Amino acid sequence: MTDRAKFIANVTSALGRTEVIAPPRDESTAAFDDVETARAVADRALADAASNAVELTDRMAEAASTIGWKVHRVSNPENAADIVANICDQKGATSVLRSTHDVLDEINVDAAVTSSGAKLGVTEHSGDNNETKITESKSAAFSADIGITGADYAIAETGTIVLHPRSGLSRLVSLAPPTHIAVLRPTEIIDSLDELFAHERNDHMSGNLAGSMNLISGPSKTADIEGTTVTGIHGPLEVHLIILEND
Amino acid sequence: MKPLTTSFRTKAAETMVDEQVLQSLEHVYTGFFKGRLEAAGNTDNWEELRDKGKAIKDHTIAHLDYYLGQLADNVEKNGGSVFFAADAAEARKYVLDLAHARNIKTVIKSKSMVSEEMALAQALIDDGIEAVETDLGEYIIQLSDETPYHLIAPAVHKSRKEVAELLDDNYVEGDPVPDATELTMMAREKLRGVFERADMSVTGVNFAVAESGSITLVTNEGNGRMSTTVPRVHVAVMGMEKIIPSIQDLSTMLRILIRSATGQRISSYVTMVNGPRKSDEEEGPEEFHLVIMDNGRQKLLADEQMRESLNCIRCGACLNACPVYRKVGGHAYGWVYPGPIGAIVTPVLTGLKDAANLPAASSLCGACHDACPVKINMPRMLLELRYRTAEGKTDKDERTSTTRERTVWKAWRIGMMGRKRFDIGARLSRLFLRPMARNGWLKKAPPPISGWTSTRDFPLVSSSSLKARLNKRSKKAKS
């Protein structure tokens with residue numbers, strides 16, 4: 001008997017049964033809902049994001065600032081670029097990393113960063129991710145001063161931005177540098193964790209689940225010394241959220 | 001980890017006179033307990049969420065065999081490996097063998113109570129591998145060679161000065177003590193290099209999702225993210241109960257876990273890992289291993305009175321709410337899990353006879369039940385365990401009561417069950433015990449109740465019985 005068969009047989013017998021039975025339908029868990037149910041929630045969330053953008057943006061901005069994001073609401077790409085340039089100046093950044101999110105091109109982030117005199121790197125291997133490349137990009141991330149990303153989703157309930165690491169979006173760019181800037185479009189804001197996980201379940205059931213997902217809600221923090229909250233124990237000490245609203 | 005449950009009384013007594021530790025433990029109440037109350041108060045459907053969380057866990061545990069199989073299938077489908085460990089020794093061996101096979105030099109550990117059951121960090125170090133705890137509290141505990149004091153705040157009993165002695169290489173007795181920010185930044189500097197060179201990580205699991213083979217990690221510090229990003233091998237270890245059926249159940253479970261643990265609406269980072277990195281990703285572990293451990297949990301599962309304890313999501317709320325935990329501290333409980341939930345699972349997992357003092361150390365006030373995000377009825381289970389130590393219900397070996405104790409209670413029961421017997425008992429006690437009392441309390445009683453008065457005073461029956469007084473009154477009224 002394998003370790004698995006033996007282990008599960010023990011569990012079955014502890015449950016007072018002789019064989020594994022499929023659980024009966026139970027309304028408490030979403031496990032028995034079909035893919036259409038998850039898709040309906042996910043689709044509705046996106047429709048709401050488009051039609052309720054103003055309300056969702058207000059709630060997002062408020063929730064985010066309560067948990068430590070420095071929130072900047074801007075009405076055009078130039079203002080967003082100015083804010084990025086200012087942060088680079090303030091931090092005296094010499095090395096900045098960015099993801100390949102479209103919104104960063106829209107605000108012309110490259111020009112903003114280079115105008116401040118910092119060196120800009122893009123976290124993209126273009127498919128050539130051998131071990132040497134990966135080691136190089138890790139050490140680049142650990143020595144960078146600022147990491148800039150877009151957001152795949154944002155959650156108004158909690159002030160969270162959601163990132164699915166992939167080609168062009170490294171896991172480290174929002175984690176290793178001491179400052180993280182996230183640029184967000186109102187159409188990416190969904191109402192709550194319910195809609196987010198409905199999306200994920202929909203992706204899973206249609207075979208498109210990402211390799212991993214990070215929910216980022218403010219700076220890295222700890223209260224392990226005498227209960228005093230301190231930011232920046234392992235991840236960013238300072239996080240900026242730029243919300244690019246339409247004119 | 002070897003249980004030291006027999007030393008509960010000595011450890012508890014030490015803590016109760018340790019002013020510094022008692023002061024540190026205040027934070028458990030002012031920070032965590034009040035934070036949870038406030039967060040719950042600000043959540044409109046809080047009770048509904050707790051009921052839903054309980055229903056999800058009840059369902060999962062009732063079909064745990066099915067969901068374990070589904071989880072393992074899906075982790076493998078995602079490209080990960082699964083190992084089922086019957087006990088801590090098997091789990092430890094799997095991780096050690098893997099580390100050697102992959103020629104691992106540095107392991108970063110994220111906070112995990114299951115890895116404490118395995119005593120994993122020390123085992124890796126003994127095998128010549130650098131193993132560093134990366135949660136700040138755990139790191140402090142590792143530097144001072146202790147075990148965690150609390151489920152989510154392992155170093156809550158440490159003063160800033162003690163932390164400075166451990167973290168600050170330049171600190172000399174008498175120097176002004178660095179503040180929390182300075183100390184945290186020192187830890188950041190020390191741990192950054194470790195993160196960068198780590199080639200393997202060991203993390204716990206907050207929730208494993210059966211339908212997708214995902215694991216979820218909740219951290220404020222970001223060490224969970226480092227662990228799932230930098231090293232080439234990621235090993236997640238979990239107790240077999242940490243499953244939920246669906247990805248969509250995560251919204252409920254995260255809401256109740258995080259509010260109950262720290263009072264936050266959300267932690268800084270929630271990470272969901274669905275296997276090793278995909279081929280086009282920039283970085284991330286090449287290998288993902290999930291170790292699912294039993295280590296005695298099937299005893300909890302098979303025991304219908306105790307099964308509910310497997311619903312626990314390890315938030316620590318019952319510790320924060322417990323007036324006993326806040327006075328005796330985390331180390332008194334003698335094993336991995338302190339507080340009310342520890343007083344329930346530790347006796348079953350490590351042996352009730354040695355741990356008989358744990359379920360006894362409760363006022364049964366019910367604060368743990370009120371605080372629990374999945375409404376585990378801890379007082380009921382504490383009473384059940386006390387019953388077993390007194391009467392030895394399932395197994396005579398669990399009984400710790402002495403013959404004398406049982407005889408006294410048997411006599412008490414007989415005496416209380418009949419009018420005549422009660423009157424005789426009261427008269428005897430009035431006759432023999434009252435002369436020994438001071439101010440209505442017996443401070444030192446003769447056998448067979450001398451055991452009682454060694455730790456508390458014995459109350460006395462009054463000089464005349466209620467019946468006698470009533471009789472007297474009614475006679476007066478008639479005359």
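The values are calculated or read from the model by the stated rules, or taken from the named source; none is laboratory data. Fair warning: this is a prediction, and the values are worked out from it, not measured in the lab. In this analysis, Cβ positions are derived from the backbone assuming ideal geometry, glycine residues included, and neighbour counts consider all displayed protein chains.
So how many residues does region A:164-187 have that are more than 10 Å from chain B (Cβ to nearest Cβ) and within 18 Å of residue B:269 (Cβ to Cβ)? Before the answer, list the steps.
Within region A:164-187, the first condition is being more than 10 Å from chain B (Cβ to nearest Cβ), and the residues that meet it are A:177, A:179-187.
With the extra rule that they be within 18 Å of residue B:269 (Cβ to Cβ), the set shrinks to A:177, A:179-182, A:184.
Final tally of qualifying residues: 6.
Within region B:288-302, identify whether any single residue is closer than 24 Å to residue A:7 by Cα, touching a His at 6+ places or on another chain (Cβ under 9 Å) and modelled with pLDDT of 95 or more, and answer yes or no.
yes
Report whether or not residue B:313 is facing chain A (nearest Cβ under 8 Å) and surrounded by 21 or more Cβ atoms within 10 Å (Cβ to Cβ).
no
With respect to residue A:211, is the statement that it is more than 14 Å from the chain's Cα centre (by Cα) and either surrounded by fewer than 24 Cβ atoms within 10 Å (Cβ to Cβ) or within 23 Å of residue B:79 (Cα to Cα) (or both) true? Quick ask: steps written out before the conclusion?
Working: more than 14 Å from the chain's Cα centre (by Cα): no; either surrounded by fewer than 24 Cβ atoms within 10 Å (Cβ to Cβ) or within 23 Å of residue B:79 (Cα to Cα) (or both): yes.
No, not satisfied.
For region A:27-39: of the residues being at pLDDT 90 or above and part of a helix (DSSP H, G or I), which is nearest to residue B:52 (Cα to Cα)?
By that ranking, first place goes to A:30.
List, please: which pairs have Cβ atoms under 9 Å, are six or more places apart or on different chains, and start with a residue in region A:227-238 that is under 21 Å from residue B:35 (Cα atoms) and end with one that is in a strand (DSSP E or B) and among the hydrophobic types (A, V, I, L, M, F, W, C)?
A:231/A:239
Check B:28, B:95, B:107 and return the single one that is surrounded by 22 or more Cβ atoms within 10 Å (Cβ to Cβ) and under 30 Å from residue B:368 (Cα atoms).
Testing whether each residue is surrounded by 22 or more Cβ atoms within 10 Å (Cβ to Cβ) and under 30 Å from residue B:368 (Cα atoms) leaves just B:28.
Rundown of residues vs (1) free of Cβ contacts under 8 Å to residues at least 24 places away in the same chain; (2) not in a loop (DSSP other than H, G, I, E, B), yes/no style:
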position: A:110; (1), (2): yes, yes
position: A:133; (1), (2): yes, yes
position: A:137; (1), (2): no, yes
position: A:147; (1), (2): no, yes
position: A:151; (1), (2): no, no
position: A:158; (1), (2): no, no
position: A:173; (1), (2): no, no
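Quick check on my filter: what residues within region A:87-108 are part of a helix (DSSP H, G or I) and within 18 Å of residue A:184 (Cβ to Cβ)? Spell out the reasoning first.
Of all residues in region A:87-108, those part of a helix (DSSP H, G or I) come to A:87-91, A:102-106.
Within region A:87-108, A:87, A:102, A:103, A:104, A:105, A:106 meet the criteria.
Mind listing just one residue for me: the one in region B:154-181 that is without any contact (Cβ under 8 Å) to a residue 60 or more places away in the chain and among the basic types (Lys, Arg) and, of those, nearest to the other protein chains (Cβ to nearest Cβ)?
By that ranking, first place goes to B:160.
Of the residues B:57, B:77, only one is surrounded by fewer than 20 Cβ atoms within 10 Å (Cβ to Cβ), within 17 Å of residue B:209 (Cβ to Cβ) and in the same structural domain as residue B:218 (by TED's automatic domain parsing); which?
B:77
Give me the pairs, please: first residue somewhere in region B:15-32 and within 10 Å of chain A (Cβ to nearest Cβ), second residue anywhere and surrounded by fewer than 15 Cβ atoms within 10 Å (Cβ to Cβ) and among the aliphatic types (A, V, I, L, M), beta-carbon distance under 7 Å, and either six or more positions apart or on two chains.
Once the first residue is within 10 Å of chain A (Cβ to nearest Cβ) and sits in region B:15-32, no partner that is surrounded by fewer than 15 Cβ atoms within 10 Å (Cβ to Cβ) and among the aliphatic types (A, V, I, L, M) comes close enough.
Among the residues of region A:48-62, which ones are modelled with pLDDT of 85 or more and assigned to a helix (DSSP H, G or I)?
A:51, A:53, A:54, A:55, A:56, A:57, A:58, A:59, A:60, A:61, A:62
On the basis of being modelled with pLDDT under 95 and buried (at least 24 other Cβ atoms within 10 Å of the Cβ), does residue B:151 make the cut?
Judged against the criteria, residue B:151 is a match.
Scan the helices (runs of 4 or more DSSP H) fully inside region B:363-440 and keep the ones with 1 or more residues being of a type outside the set (Lys, Arg) and under 30 Å from residue B:32 (Cβ atoms).
Qualifying helices (runs of 4 or more DSSP H): B:367-371, B:378-391.
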